[in-house]
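Engineer: Sharing a structure, written as structure tokens. Questions coming.
Where a number appears in this text, it was derived from the coordinates with a stated rule and is not lab data. A quick note: this is a predicted structure, and the numbers were derived from the prediction, not measured. Heads up, the Cβs are rebuilt from the backbone with ideal geometry, glycines too, and the neighbour counts pull from every protein chain shown.
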Amino acid sequence: MLADKRIFVTGASAGIGRAVALRAAKEGAEIAVCGRSEETLRVAETIVDAGGRATPYRFAIEDAAAMREAVADFAARGPISGLVHCAAMASTGLLVVAEPDAILRAVQVNLTASILLTQAVLEPMMRARRGVIVHLSSVAASRPSKGQSVYAATKGALESFTRAVGTEYAARGIRAVCVRPGPIRTGMLEATLGLAEDVVRSRVPSGELGTPEQVASLITYLLSDDAGYVNGSVHAVDGGHG
């Protein structure tokens, strides 16, 4: 499905990002495995050991210079077919007591870095006149829980930004879409489950939590040529979360 693709995946050391990197590589894509932890190297090794193609890049997503350097290096090796931006940070707590620095960091990591990363991949994609940009939003963008005001704001803005990019660059052969996961069993969700797993499950009709692999399956399709008419849209993977 992705045999001729080269995909830049952030947050690829764990969770949904890791699942996307492994699935896309299995489908034949060459992967830029990006993350801030040492696990990034191990994910790349797993792909290579399985006969796939992968290059690891370690950087913090809010480090704009390091991010641009990684994009430039991957682009120098061949056209960038897709970006899957999974790196993010959870931001929970009542707004009235939130520290200004914490608010600004959440905006920096979840929104500003997303904009700058998109800007970085657009140039090589425009040269190739093709590309797919996939951002990960959250069910919190439309149905936030208490304590998610800042997080919900960043994800809602990310969805609007993605729609705008899809409109702005469609004529250049570039698509942009958002995937909006619900409660997916990842490290980011574990703290919430420890406090209120019954509440989380009660908001899903089946009572089941999703898996990173289920999200990765949809993203793999969106990256493929089969999804060539899918642009500027938001796609929920949330089990009917209400």
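Engineer: Name the residue from Ala171, Val139, Phe161 whose Cα lies farthest towards the positive end of the charge dipole of the range 138-184, charges +1 on Cβ of Lys and Arg and -1 on Cβ of Asp and Glu.
Structural biologist: About the Cα centre, the residue reaching furthest to the positive side is Val139.
Engineer: In whole percent, what relative contact order does the chain give with Cα contacts below 8 Å and a gap of six or more residues?
Structural biologist: 20 percent
Engineer: Run the dipole for the range 98-186 about the Cα centre, Lys and Arg Cβ at +1, Asp and Glu Cβ at -1, nothing else charged, and hand back the magnitude in debye, nearest 20.
Structural biologist: Using only the charged Cβ atoms, the result is roughly 420 debye.
Engineer: How much length would be gained if the chain were fully extended between Arg53 and Glu123, taking 0.36 nm per residue of separation minus their Cα-Cα distance, in nm to one decimal?
Structural biologist: 22.9 nm
Engineer: Can you compute the modelled spin-label distance between Asp4 and Ser233, with each label point 7 Å from Cα toward Cβ, in nm?
Structural biologist: Taking the two extended label points, one gets 2.3 nm.
Engineer: Answer with one residue from Pro124, Ala102, Cys34: the one whose Cα lies farthest towards the positive end of the charge dipole of the chain, charges on Cβ with Lys, Arg +1 and Asp, Glu -1.
Structural biologist: Among Pro124, Ala102, Cys34, the one farthest towards the positive end of the dipole of the chain is Pro124.
Engineer: Would you mind computing, in nm to one decimal, how far apart the modelled labels at Ser37 and Leu116 are, each placed 7 Å from Cα along Cα→Cβ?
Structural biologist: According to this spin-label approximation, the distance is 2.3 nm.
Engineer: Could you state the angle between the C-alpha long axis of helix 15-26 and the longest principal axis of the C-alpha atoms of the chain, as a value from 0 to 90 degrees rounded to the nearest 10?
Structural biologist: 30 degrees
Engineer: Calculate the dipole size of the chain relative to its Cα centre from +1 charges on Lys and Arg beta carbons and -1 charges on Asp and Glu beta carbons; express the result in debye to the nearest 20.
Structural biologist: 480 debye
Engineer: With labels modelled as points extended 7 Å from the Cα through the Cβ direction, what inter-label distance (nm, one decimal) is found for Ser217 paired with Arg68?
Structural biologist: 4.0 nm
Engineer: Using a 10 angstrom cutoff on alpha carbons, build the Gaussian network for the chain and name the most mobile of Arg201, Arg23, Arg77.
Structural biologist: Per the Cα network of the chain with a 10 Å cutoff, Arg77 tops the list.
Engineer: Which one, Met67, Gly15, Val48, projects farthest toward the positive side of the charge dipole computed for the range 1-114 from Cβ point charges (K/R +1, D/E -1)?
Structural biologist: Val48
Engineer: Would you mind classifying the range 26-145 by shape? Square roots of the alpha carbon gyration tensor eigenvalues, ordered a ≥ b ≥ c; an a/c under 1.5 is rounded, otherwise it is prolate if a/b is larger than b/c and oblate if not.
Structural biologist: Prolate, because a/c is 1.5 or more and a/b exceeds b/c.
Engineer: Sum -39500 (n - 2.57) across every DSSP H segment of at least 4 residues in the chain, then divide by the residue count to get the 222 nm mean residue ellipticity, nearest 500.
Structural biologist: Value at 222 nm, helices only: -14500 deg cm²/dmol.
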